[in-house]
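Here's the structure we're looking at; comments come further down.
What follows draws every value from the coordinates through simple rules; no lab data is involved. All values reported here derive from a predicted model rather than from experimental measurement. Here Cβ is always computed from backbone atoms with ideal geometry, including for glycine, and neighbour counts include all displayed protein chains.
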Amino acid sequence: MLANELIAYLEPSDVTGIYPFAEKKYCFGNQVINLHDHPDSPIRPSDIFIVGIDTDSATNIRQMLWGLSSIPYSKGKVFDAGNIPATLTLAQQYQVVESISAIIAESKSHLILLGGSQEFLSKVYAGWKQCQNFIRMAIIDSKIDWDGNLTDFHHNNFANTLMDEPYEKMLDLSFIGIQGYFTPQHTLQKVLRRKHDYIRLGNLRGNIREAEPTLSDANLVSIDMAAVRDSDAPGTSVVNPNGLYAEEICMLSRYAGIGQNSKFFGICGFKSKAPEQTIMLAAQVLWHYIEGVSHRRTDNPIKNLPHNKKYVVSTEVQNVEMIFFRSELSENWWFELPVNNKKKLLRGKLLVRCNASDYTQARNGEIPQRWLRWFQKAQKI
């Protein structure tokens with residue numbers, strides 16, 4: 001597969017980086033390749049492709065990102081693939097996002113999407129599911145964009161198209177950083193009935209690693225900058241005095257990057273003329289994600305022997321045990337679940353990242369909520 005398949009959908013990005021901290025040769029922009037200048041480049045699994053939706057936001061973020069320090073990335077190349085033409089109708093832009101997502105998914109490379117609003121995520125998913133099953137998605141936002149109205153589609157209800165997807169396609173859908181006063185109780189109940197998950201902002205405060213297993217497992221990760229408090233990111237789609245701190249959103253971004261599964265990362269939710277402070281934060285968020293990808297390594301608790309330990313905890317349910325793994329190298333934890341697998345789409349066992357606290361709960365005779373949710377889901381695959 002060659003780059004000209006992507007170029008057919010995109011117009012070139014003409015960005016001049018801003019380099020206030022160091023000479024260009026020491027900055028990230030120096031290692032970014034303009035894809036339109038290399039149309040015959042093969043698309044390789046470790047390559048990263050940066051695409052913009054909203055031209056102003058995408059251009060401004062690129063300018064800031066290009067001026068940050070370089071990231072040693074020996075696994076592949078970083079391409080600026082250009083922008084989705086602003087002259088297209090919204091419906092046409094949706095189709096372009098779906099098409100380029102399908103191309104990237106098939107090539108197993110990485111797509112970074114800048115700008116737009118978060119309903120584009122449903123089109124990214126539509127592209128990915130053309131060639132991938134059991135997708136895990138994580139959405140960082142201040143609210144859950146679901147309203148139960150299946151006759152309409154916009155940025156405030158795009159999750160309508162995701163929530164009821166079969167597990168064979170959407171295995172997991174998690175919402176991170178949501179705030180209760182923006183999310184009605186019936187919406188939270190809908191998430192739980194589907195055996196999906198949400199993490200409130202209050203549960204993250206002082207315990208940001210609570211989200212690390214979810215982000216590490218996710219294939220598709222999207223950030224709405226409205227999840228960040230207004231004093232740290234003014235000029236987002238929602239004016240909000242509460243939210244994630246700048247440091248926290250960067251940490252969450254790196255968790256997604258360093259995890260083994262993420263192939264898509266999107267950042268959106270900007271007003272048309274977002275302040276420079278917000279644009280710089282967005283650039284730093286992206287820098288942390290790409291830097292995380294550069295440090296990514298295979299961490300399989302079953303294959304990476306002898307550096308992994310297996311722990312078996314009995315339960316009161318006959319023939320049901322909780323099986324945990326811990327890597328002595330990374331200190332990561334997983335649990336393993338049997339799969340009903342009537343349709344034979346998922347081979348072997350289901351591995352889910354977890355925290356050490358999940359094992360501690362199990363060892364103390366409690367059933368961890370994370371384990372229970374996934375156990376119930378595994379029986380329905």
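Here is how the numbers come out for the structure above:
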read-out: Cα shape, the range 47-98, gyration tensor, a/c 1.5 rule; value: oblate
read-out: Shape of the range 244-315, Cα gyration tensor, a/c cut at 1.5; value: prolate
read-out: Highest-MSF residue in the chain out of Lys303, Lys273, Lys263 [GNM, Cα springs under 10 Å]; value: Lys303
read-out: Antiparallel bridge percentage (DSSP; both residues within the range 4-294; nearest 5); value: 10 percent
read-out: For the chain, calculated [θ]222 nm from helices alone, where every DSSP H run of n ≥ 4 adds -39500 (n - 2.57); value: -9000 deg cm²/dmol
read-out: Cα-based helix-to-principal-axis angle, 276-294 vs the chain, degrees rounded to 10; value: 60 degrees
read-out: Karplus-derived 3J(HN,Hα), 6.51/-1.76/1.60, for each residue of the range 234-240, Hz, glycine and proline x; value: x, x, 8, 5, 10, 7, 8
read-out: Most positive-pole-ward Cα, Val51, Ile140, Gln63, against dipole of the range 1-151 from beta carbon charges; value: Ile140
read-out: Fluctuation leader among Ile48, Ile290, Ile18 - the chain, Gaussian network, Cα springs under 10 angstrom; value: Ile18
read-out: Net charge over other residues, Cβ less than 12 angstrom from the Cβ of Ala246 (K, R count +1; D, E count -1); value: -3
read-out: Normalised contact order of the chain, rounded percent, pairs of Cα under 8 Å and 6 or more residues apart; value: 13 percent
read-out: Along the chain, longest interval not containing exposed GluC sites (Glu not before Pro), exposed being DSSP loop plus at most 13 other Cβ atoms within 10 Å; value: 24-315
read-out: Charged-residue dipole, Cβ positions (Lys, Arg, Asp, Glu), the range 84-242 about Cα centre, Debye nearest 20; value: 260 debye
read-out: Amide hydrogen neighbours beyond the local backbone of Leu244, cut-off 5 Å, H modeled; value: Val228, Arg229
read-out: Degrees between helix 55-66 axis and first principal axis of the chain (Cα, 0 to 90, nearest 10); value: 80 degrees
read-out: Pairwise centroid distance, computed over Cα atoms, of the range 211-283 with the range 358-380, Å; value: 29 Å
read-out: Sorted by Cβ density within 10 Å, fewest first, the residues Ile208, Ile140; value: Ile208, Ile140
read-out: Tilt relative to the chain, helix 90-107 - C-alpha long axis, 0 to 90 degrees, to 10; value: 60 degrees
read-out: Too-long pairs where the Cα-Cα distance tops 21 Å, listed order kept, from Lys169/Lys380; Lys25/Lys108; Lys108/Lys190; value: Lys25/Lys108; Lys108/Lys190
read-out: Debye, to nearest 20: dipole size of the range 308-378, +1 on Lys, Arg Cβ, -1 on Asp, Glu Cβ; value: 500 debye
read-out: Total charge dipole magnitude, the chain, about the Cα centre, Cβ charges on Lys, Arg, Asp, Glu only, Debye to nearest 20; value: 1400 debye
read-out: Per DSSP, loop trypsin sites (Lys or Arg not before Pro) in the range 1-91 with at most 16 further Cβ within 10 Å; value: Lys75
